[in-house]
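S.K.: Please see the structure below; I have some questions.
The values are calculated or read from the model by the stated rules, or taken from the named source; none is laboratory data. For clarity, every value in this text was computed on a predicted model and none was experimentally measured. Glycine also receives a Cβ, built like all others from the backbone with ideal geometry; neighbour counts cover every protein chain displayed. Note: areas computed on protein heavy atoms with side chains; ligands, DNA, RNA excluded. Shrake-Rupley method; radii C 1.70, N 1.55, O 1.52, S 1.80 Å.
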Amino acid sequence: MSDIKKKSPIWHPFTQHALFPEMTHIARGDGAYLYTKDGHRLIDGISSWWVVTHGHCHPRLQAAAKAQMEKLDQVIFAGYTHDPAEEVARGMVDLTPDGLDYVFFSDSGSTSVEVALKMALGYWYHIGSKRSKILVMENSYHGDTIGTMSVGERGVYNNPYNSLLFTVDCLPFPAKGAEQETLDQLEAKIKADPDGVAAFIVEPLIQGAGGMMMYSAETLREMHRICQEHDVLFIADEVMTGWGRTGTLFACEQAGIVPDIACYSKGITGGFLPLAVTMCHERIFNAHYSEDRSKTFFHSSSYTANPIACAVAAENIRMWQDEPVMERVSRLASSHANWLEALARDDRVENLRQCGTIAAFDIKVTDGGYLSDIAPRLYRYFQENGILLRPLGNTVYLMTPYCLSDDDLSHLYGTIGRALDDLS
Ligand SMILES: *Cc1c(COP(=O)(O)O)cnc(C)c1O
């Protein structure tokens, strides 16, 4: 291996360099398109890993970044504040369900989840309770740091680090028809240790990295109700589901619930710059509010609430408020529904499913799972046909920017159909 002549010193994420030595070199982005250095155009079928909502290089977001970088680049956020952060915080309080009153900034989905876990444990600790157990749902993904891996599904991606991961209690996924089993187990696990369970963390309505696994709003509502009944903090990880992905601005809206703690990132800047917020109910903040300095929330990262990232997020929030973004979301969702209906007649695929602007299905294979051989073959096929799609094992999904044209959506589904013909 070591005699490989690497062209670049970069070690890429989720990339097996021995099997994929060549990176695709992107030079520019525009709307739903990416352009390679040698001039090929790719349709961004996965919004550059679920972050780009309005399209690449959106002029409004560009303008916001440019204006801010001429005023203030970065400032310490402990003891200091600035307009862009204040605008984002107020905007988030307006957009999210009533009851999420405090906003803590960080820079990625993973850090927003770490913050959520620390807030939950800090809450119980500071009010003098011993509760510290975290409940999770089978098949979850909450990030790749040690803490977020601990609350996520264990498997090939975190085997080497198992000794460091903390113990959690895991509920079965509420598959269609088996929802009651999940609810019963949630209640049973809490009742078995009423003074031990601190929080339950979920991806609302759809698990992303776990394979676009969907469950009903009613189940989400019931899980929340059970937690409320037993005073267990409910943490919603809206990192992927936020910003229109599920057909509403945030997934929790569909269940009519207000989580105690919620994490938002990915689309918060429209996919332009890294930023995240963790929002919480005032009781969480109040438990840390004290003249006793040991109750301070001891969390920060160097770039907390970076002004440029915040200025872009503030502009993104304004876009949701003054442009018909929700109409674009609905239009894309109904186009997917039509295409999926047609694809359902193909017996080489199964489990067709949709959650708002996210469409997914499984290709029938003998070697399912994340390491299924079909994934890299499809990935290459799509790329050769001008499409960026990155199947999760034998699960193919589409999660495009909302500016995608009907023609491009038709090209995506057409190419998927041809891939099934050519690769089977
Ligand atoms: C992507 C994702 C994360 C992690 O976000 P990063 O910005 O990659 O750290 C956490 N939770 C969910 C549900 C995600 O989809």
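S.K.: Subtract the Cα-Cα distance of residue 22 and residue 301 from 0.36 nm times their separation in residues, and report this length gain in nm to one decimal.
M.R.: 97.1 nm
S.K.: Any idea of residue 107's accessible area? Nearest 10 Å², probe 1.4 Å.
M.R.: Result for residue 107: roughly 40 Å² accessible.
S.K.: In whole percent, and with a 1.4 Å probe on the protein chains, what portion of the accessible area of the chain is carbon and sulfur? If you can, show how the numbers build up before the last one.
M.R.: On the way: 10370 of 19850 Å².
Carbon and sulfur together cover 52 percent of it.
S.K.: Could you give each residue of region 143-150 its phi-based ³J(HN,Hα) in whole Hz, using Karplus coefficients 6.51, -1.76, 1.60 with θ = phi - 60°, and x for Gly or Pro?
M.R.: Per residue, the Karplus-derived 3J(HN,Hα) values read x, 10, 7, 4, x, 6, 5, 4 Hz.
S.K.: Shifting gears a bit: Give, as a single signed number, the net charge of other residues whose beta carbon lies under 10 Å from the beta carbon of residue 381, with Lys and Arg counted +1 and Asp and Glu -1. Write out the running numbers ahead of the final one.
M.R.: Numbers: positive: 377, 380, 418; negative: 384, 422.
Result for the neighbourhood of residue 381: +1.
S.K.: Another question, then. Just to make sure I understand: if all protein chains stay in place, what is the order of 237, 322 by accessible area at 1.4 Å, largest first?
M.R.: Numbers: 237 10, 322 95 Å².
Final ranking, largest accessible area leading: 322, 237.
S.K.: Still on this structure, I have one more. Choose one answer from 314, 78, 209: the residue with the largest mean-square fluctuation in a GNM of the chain with alpha-carbon springs under 10 Å.
M.R.: 78
S.K.: Another question about this same structure. Might you report the magnitude of the Cβ-based charge dipole of region 62-322 about its Cα centre, with Lys and Arg at +1 and Asp and Glu at -1, to the nearest 20 debye? If you can, show how the numbers build up before the last one.
M.R.: On the way: 19 positive and 34 negative charges, 88 e Å.
The calculation lands at about 420 debye.
S.K.: I'd like the accessible area for residue 187, computed on protein heavy atoms only with a 1.4 Å probe and all protein chains in place. Round to 10 Å², please.
M.R.: Residue 187 has an accessible surface of roughly 50 Å² with all protein chains in place.
S.K.: Using the membrane-span-like helix rule (whole DSSP H runs, Cα extent along the own axis of at least 24 Å, mean Kyte-Doolittle hydropathy at least -0.5), which helices of the chain qualify? Intermediate values should be presented prior to the final figure.
M.R.: On the way: long enough: 109-126 (25 Å, 0.24); 325-343 (27 Å, 0.06); 406-423 (25 Å, -0.41).
Flagged H segments are 109-126, 325-343, 406-423.
S.K.: Determine the alpha carbon to alpha carbon distance for each of 118/191; 133/189; 118/295 and list only those over 21 Å.
M.R.: 118/191
S.K.: Further, regarding this structure: Measuring with a 1.4 Å probe in the full set of protein chains, what accessible area per residue, in whole Å², belongs to region 38-186? Display every interim value, and only then the final one.
M.R.: Values: 7280 Å² over 149 residues.
Per residue, region 38-186 has an accessible area of 49 Å².
S.K.: Using +1 at the C-beta of Lys and Arg and -1 at the C-beta of Asp and Glu, which of 34, 97, 51 has the Cα lying farthest in the positive direction of the dipole of region 12-128?
M.R.: The Cα lying farthest towards the positive end belongs to 34.
S.K.: Using label points projected 7 Å from each Cα along Cα→Cβ, tell me how many nm separate residue 373 and residue 423, to one decimal.
M.R.: Result for the modelled spin labels: 1.3 nm.
S.K.: Can you order the peptides 213-223, 27-37 by their average number of other Cβ atoms within 10 Å per residue, highest first?
M.R.: Numbers: 213-223: 19.4, 27-37: 15.8.
Descending mean neighbour count gives 213-223, 27-37.
S.K.: So, one more: Springs between alpha-carbon atoms under 10 Å, Gaussian network over the chain: tell me which of 91, 267, 247 tops the mean-square fluctuations.
M.R.: Fluctuation is largest for 91.
S.K.: Counting each DSSP H run of 4 or more residues in the chain as -39500 (n - 2.57), what helix-only mean residue ellipticity at 222 nm follows after dividing by all residues, to the nearest 500 deg cm²/dmol? Display every interim value, and only then the final one.
M.R.: Numbers: 13 runs with 153 residues, N = 424.
The per-residue figure over the chain is -11000 deg cm²/dmol.
S.K.: Enumerate by residue number the chymotrypsin sites (Phe, Trp or Tyr not before Pro) in region 56-152 meeting two conditions: DSSP loop (anything except H, G, I, E, B), and at most 14 other Cβ atoms within 10 Å of the site's Cβ. Don't skip to the end; give the middle numbers.
M.R.: Working: sites: 77, 80, 102, 104, 105, 123, 124, 125, 141; in loops: 77, 80, 141.
Here the chymotrypsin sites (Phe, Trp or Tyr not before Pro) that fit, given the DSSP loop and packing criteria, are 80.
S.K.: What's the local net charge at residue 77, with K and R +1, D and E -1, over the other residues with C-beta under 12 Å away?
M.R.: Working: positive: none; negative: 86, 107.
Within the 12 Å Cβ shell, the charges total -2.
S.K.: Subtracting the Cα-Cα distance from 0.36 nm times the residue separation, let me have the gained length for residue 338 to residue 326 in nm, one decimal.
M.R.: On the way: separation 12, 0.36 × 12 = 4.32 nm, distance 1.87 nm.
Full-extension gain reported as 2.5 nm.
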